[in-house]
């Protein structure tokens with residue numbers, strides 16, 4: 001069983017993650033660890049819809065999320081839930097939705113760099129400022145995955 005140094009992967013998520021290609025699993029685990037190293041108090045909301053997705057939020061609510069990692073069948077992205085509201089002078093975010101923007105991730109260098117680190121920190125700060133009320137949950141993994 002793969003385990004992140006900072007926090008173990010929730011069993012509901014891990015059960016589905018094991019069906020992915022090992023290279024995607026390794027990339028996901030490293031990106032997850034990187035995000036949690038920048039904001040260890042993040043709650044991790046776990047979903048399985050069109051993609052297996054780990055969402056990082058400053059509360060237990062999806063509306064307070066600042067980024068996510070959707071794992072598709074053969075690729076993953078680093079998504080920013082309110083990406084259109086973030087400063088992106090380097091134009092590293094892609095997408096056409098009303099709010100969400102993402103960075104395609106194929107290699108660790110796609111996110112382990114100063115530009116993405118600054119964007120992640122800005123996204124956390126924006127989420128904190130935008131939050132309606134203080135959270136009761138800190139550093140929790142919250143599974144929204146339906147068990148079969």
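What's the center-to-center distance, using Cα atoms, between region 1-78 and region 116-146 in Å?
Using only Cα atoms to place each centre, the spacing works out to 13 Å.
Assuming 0.36 nm per residue, please report the length gained on full extension of the stretch residue 26 to residue 137 beyond their Cα-Cα distance.
Separation in residues times 0.36 nm, less the Cα-Cα distance, equals 37.2 nm.
FRET efficiency for residue 118 and residue 147, Cβ-Cβ distance as r, R0 = 41 Å, nearest 0.05?
About 0.60, to the nearest 0.05.
Given 10 Å bins starting at zero, what is the percent of C-alpha pairs of the chain in each, up to the one with the largest pair distance?
Taking all Cα pairs of the chain, the binned fractions are 11, 45, 36, 7, 0 percent.
Every number here is computed from the coordinates shown, using simple stated rules; none is lab data. Predicted model only: the values in this text are computed from it and were never measured. Cβ sites come from the backbone with ideal geometry, for glycine too, and all protein chains shown count toward neighbours.
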